[in-house]
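One structure below.
Here, each number is a calculation from the coordinates, and none is a lab measurement. Bear in mind that the values here come from a model prediction, so they are computed numbers and not experimental data. Cβ sites come from the backbone with ideal geometry, for glycine too, and all protein chains shown count toward neighbours.
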Amino acid sequence: MNSALVPEAPTGNSEPDQRRPTDWTTGASRRRTRRRYAAERRFRLMGLAAVWLSVGFLAFLLMSMLWQGASGFVETRITLPIALQLDITPDRVVVRGADLALAGAGIEGAVDAAATAAYGAGGAELLSDGAWLHVRDAVEADPTLLNRRAMIDVSAAADIDVAAKGEGTPAAEAQVAKLAAAGALSRGFNLKFLTDADSTDSTRVGIWGAFKGSLMTMIVTLALAFPVGVFAALYLEEYAPKNRWTDLIEVSINNLAAVPSIIFGLLGLAVFLGTFHLPRSAPLVGGLTLALMTMPVIVIAGRNAIKGVPPSIRDAALAVGASPVQVVFHHVLPLALPGILTGTIIGMARALGETAPLLMIGMRAFIAAPPDRITDPATVLPVQIFLWSDEVNRGFVEKTSAAIIVLLLFLLAMNGFAIYLRNRFETRW
Amino acid sequence: MTTPKITARNVSVYYGATRAIDDVSIDVTQDEVVAFIGPSGCGKSTFLRTLNRMNDTVPSARVEGEIYLDGEDIYAPSMDVVQLRARVGMVFQKPNPFPKSIYENVAYGPRIHGLTHAKGELDDIVEGSLRRAGLWDEVKDRLTDSGTALSGGQQQRLCIARAIAVDPEVILMDEPCSALDPIATAKIEELIHELKGRYAIVIVTHNMQQAARVSQRTAFFHLGHLVEFGATSDIFTNPRAERTKDYITGRYG
Ligand SMILES: Nc1ncnc2c1ncn2[C@@H]1O[C@H](COP(=O)(O)OP(=O)(O)OP(=O)(O)O)[C@@H](O)[C@H]1O
Ligand SMILES: [Mg+2]
């Protein structure tokens, strides 16, 4: 092109710089450098201290729970010499419904009688209310027991169990000493704790009922809160016009996330039980109530994650002719998913640990059978922990800690799953 | 004179109450490259984005006047925006590949528009587009790698491949070389030469030499006005307006 029109280099027509070049070697300059290093070190130390403090708290919590709760998974057993004389033939025992047949034949009384025979007048008191269940299981496993004398290990009563673990009353301690001297005491893994539901006898309680209740409640919560939360977040970020109404909705959602959980319980009580007459104490109602509580958390986390998707990606997709829905589902949602999942898990973890709103909708009832359907009466882990911690019977102390361990493991599994999902969907830029 | 591919008549664009483009009329024919030049903030990008209605995504933006593509009013209610953008592709200033594989980046457009029926056909389109964008030899062995793992210049060529994979009629480029070194820039200019004739191309650039090298006609914008629009050789050797002359001689901008 025309060389006359090529721009020339700018001429230095501005004021020359009056300042002298900076001297970086003066004492003041060195002091500044030293202070900067000191500040860096202090900051790092403080950060490290904060991290260690939280790790320490966590470790302390876990250790003390394990320490107190581990014995909750172990039961004390007493060896019971027994010769069953029941009005039942061995072949009746191997068919279905043997439980009922044995119960009807008076196995419970027979066990009490055997205990009295073996350990004197108060013998039956040494055994757990559920001791006969051990005998029943043993008979079912080996029907020949009906015709002979045998030694069967059965669970000890609560005060004996506590005394054997070193915290009982003097009277119980004495009995334990006597039993131990006779070689009748042993310990075993309390499988029933993992398979049974609540009971009035601390040696017979199980966590499975509450665990299953929690699981069902969480599934209802997730099934409702996740899709609704994600769609609400997508709509608000991608489609909703920015005006006074959407501002109002945004404020309401933020407020909803901060509302104390017990208020949600009252709301659930009024709406789901009062208006819709859904069954009390059911995981369905618990899940619905917790979903109300979790949804705003998911909406907020989801909106932030969606905001974090670079606009240039949307432009890129629109420019090759993607429709708005395609932009959302092909690009925005996949990129926002890790953030959405993190928010969801935080919300779900909070819901899992929630007690107050569930008390309001009646999930604090004593429920001795695990729920089969989401409309069955049930309780959940934190409520179960709350109920057990309220018991006067000392046997419940370790059960409470054991239940806390189960709850923490549940949380851990949930968080682990979230991290797995996040890593799976994370996009490298 | 052939009938213009794009005709803009008295186009004004507002962001809220501020007018970013004031009464601009321009036309672009099928077989030419048109360059938009002008100082920063004069509205080049704004005007370019009205040509494929990318301004629709800016809530405050409002467009007045008429723009026709092959005589069809693109702001008419009957116009399908998705189809319009498939016909008028765009390459942005900052390379913006999808965080997906190189293959997926190029295949995305043809796939959503259902341009292919067999996997082999799609492979052919991907290869052809990457070849025309001058990227094939560099990436043919790593089509499954992420598009974001490429260098800046490669990413920009990938974006060009993605745009031409849909086989548009017009390609809009907004400073496609502003982040690139001279070699990558030269490659893209070569590419523009190659694409010329097959696509109508509108390119925004701050680089006068580039405008001179690649375009047949140049439009000079200043403060939202179209100051001068004519043959590139005229604009650079014999500008009619004083402002144009000041700008291309580097007195401001
Ligand atoms: N989204 C927006 N909202 C409000 N004003 C905008 C928006 N985008 C651009 N503008 C304004 O419109 C005017 C033109 O901007 P535009 O991006 O078109 O300039 P440009 O010529 O492309 O500049 P550059 O060469 O720096 O890219 C500027 O004054 C800018 O501030
Ligand atoms: Mg621009």
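Using the Cα centre of chain A as origin and beta-carbon charges of +1 (Lys, Arg) and -1 (Asp, Glu), tell me which of A:Thr379, A:Val259, A:Gln85 is placed farthest towards the positive end of the dipole.
Result: A:Val259.
Okay, helix-only estimate at 222 nm for chain A: each DSSP H run of n ≥ 4 adds -39500 (n - 2.57), divide by all residues, round to 500 deg cm²/dmol; what do you get?
-19000 deg cm²/dmol
Can you tell me the length gained on complete extension of the stretch A:Ser389 to A:Ala50, counting 0.36 nm per residue apart and subtracting the Cα distance?
So the chain would gain 118.9 nm between A:Ser389 and A:Ala50.
Tally Lys and Arg at +1 and Asp and Glu at -1 over the other residues with C-beta under 11 Å from the C-beta of A:Ala184: what net charge comes out?
Taking every other residue near A:Ala184 into account, the sum is +1.
What does the highest-first list of A:350-356, A:71-77 look like by mean Cβ count within 10 Å?
Ranking the peptides A:350-356, A:71-77 by packing returns A:71-77, A:350-356.
What does the charge add up to near A:Leu358, with Lys and Arg as +1, Asp and Glu as -1, over the other residues with Cβ less than 14 Å from its Cβ?
+2
Per residue of B:80-93, what is the mean number of Cβ atoms on other protein chains within 10 angstrom of that residue's Cβ?
Across the residues of B:80-93, the mean count of other-chain Cβ atoms within 10 Å is 3.
At 222 nm, what value in deg cm²/dmol follows for chain B if DSSP H runs of at least 4 each add -39500 (n - 2.57) and the sum is divided by all its residues, to the nearest 500?
The per-residue figure over chain B is -10000 deg cm²/dmol.
Return the FRET efficiency for the residue pair B:Ser12, B:Thr57: r is the Cβ-Cβ distance, R0 is 22 Å, and the value is rounded to the nearest 0.05.
The computed FRET efficiency comes out at 0.70.
Could you work out the Kirkwood radius for the stretch B:118-219, taking every pair of different alpha carbons, averaging 1/r and inverting it, reported in Å?
14.2 Å
Beta carbons within 10 angstrom, averaged per residue: use that to sort the peptides B:203-209, A:252-258, highest first.
The peptides rank, most packed first, as B:203-209, A:252-258.
Karplus couplings for the stretch B:94-111 from phi (6.51 cos²θ - 1.76 cosθ + 1.60, θ = phi - 60°), rounded to Hz, Gly and Pro as x?
Working through the residues one at a time gives 9, x, 10, x, 5, x, 10, 5, 4, 4, 4, 4, 7, 6, 4, x, x, 5 Hz.
Near A:Lys212, which lysines are there with a Cα under 21 Å away, not counting those fewer than 8 places off in the same chain?
By straight Cα distance, A:Lys212 reaches A:Lys192, A:Lys399.
What is the local net charge at B:Phe47, summed over the other residues whose Cβ is closer than 11 Å to its Cβ (Lys, Arg +1; Asp, Glu -1)?
0
Can you figure out the FRET efficiency of A:Ile249 with B:Ser78, using R₀ = 35 Å and their beta-carbon distance, to the nearest 0.05?
For A:Ile249 and B:Ser78, the calculated efficiency is 0.60.
Counting only DSSP beta bridges with both residues in the protein assembly as shown, tell me the antiparallel percent, nearest 5.
Close to 70 percent.
Could you work out, residue by residue across B:50-63, how many beta carbons of other chains sit within 10 Å of that residue's beta carbon, and then give the average as an integer?
Partner-chain Cβ atoms within 10 Å, mean over residues of B:50-63: 1.
Using a cut-off of 13 Å between alpha-carbon atoms, which aspartates and glutamates can reach A:Lys307, once sequence neighbours fewer than 8 places away in the same chain are excluded?
Result set, ordered by chain and number: A:Glu237, A:Glu238.
Below 16 Å, Cα to Cα, which lysines can B:Lys94 reach? Residues fewer than 8 away in the same chain don't count.
Cross-link targets: B:Lys44.
Tell me, what is a quarter of the convex hull surface for the C-alpha atoms of the protein assembly as shown, in nm² with one decimal?
49.0 nm²
Other chains' Cβ within 10 Å of A:308-319 residues: what's the mean?
Across A:308-319, the average partner-chain Cβ count within 10 Å equals 6.
Run the numbers on chain B and let me know its relative contact order in percent, using alpha-carbon pairs under 8 Å that are six or more apart.
Averaging sequence separation for qualifying contacts and normalising by length gives 28 percent for chain B.
For chain B, what D do you get in µm² per second when you plug the Kirkwood radius from alpha-carbon pairs into Stokes-Einstein at 37 °C and 0.692 mPa s?
176 µm²/s
How high is the relative contact order of the stretch A:208-428, given as a whole-number percent (alpha carbon pairs under 8 Å, six or more residues apart)?
31 percent
Going by average Cβ neighbours within 10 Å, how do the peptides B:90-99, A:360-369 rank, with the highest at the top?
My ranking of the peptides, most packed first, is B:90-99, A:360-369.
At q = 0.15, 0.19 Å⁻¹, work out log10 I(q)/I(0) for the stretch A:71-190 with the Debye formula, treating every Cα as an identical point scatterer and leaving solvent out; two decimals please.
-0.65, -0.96
Please list, ordered by chain and number, the residues whose modelled amide H lies under 5 Å from the amide H of B:Glu32; skip anything fewer than 5 residues away on the same chain.
Distant-sequence amide H within range of B:Glu32: B:Gly197, B:Ile201.
Sequence-distant or interchain residues sharing an amide H contact under 5 Å with B:Glu228, placed H: which?
Hits under the 5 Å cutoff: B:Phe220.
Enter the Cα centre distance for the pair the stretch A:223-279 and the stretch B:62-135, rounded to the nearest angstrom.
Rounded to whole Å, the Cα centres lie 39 Å apart.
Treating only the Cβ of Lys, Arg, Asp and Glu as charged (+1, +1, -1, -1), what charge dipole size does chain B show about its Cα centre? Round to the nearest 20 debye.
440 debye
For A:Leu80, what residues show an amide H to amide H distance below 5 Å, using hydrogens built from the backbone and excluding near sequence neighbours?
Here the answer is A:Ile152, A:Asp153, A:Val154, since their amide H atoms fall under 5 Å of that of A:Leu80.
Quick one: among A:Val328, A:Val51, A:Val139, which has the greatest mean-square fluctuation in a GNM of chain A with alpha-carbon springs under 10 angstrom?
Answer for the Gaussian network model of chain A: A:Val51.
Could you calculate the FRET efficiency of A:Thr375 with A:Lys307 from 1/(1 + (r/R0)^6), where r is the beta carbon distance between them and R0 is 41 Å, rounded to 0.05?
Step by step, r from the Cβ atoms, then E = 0.55.
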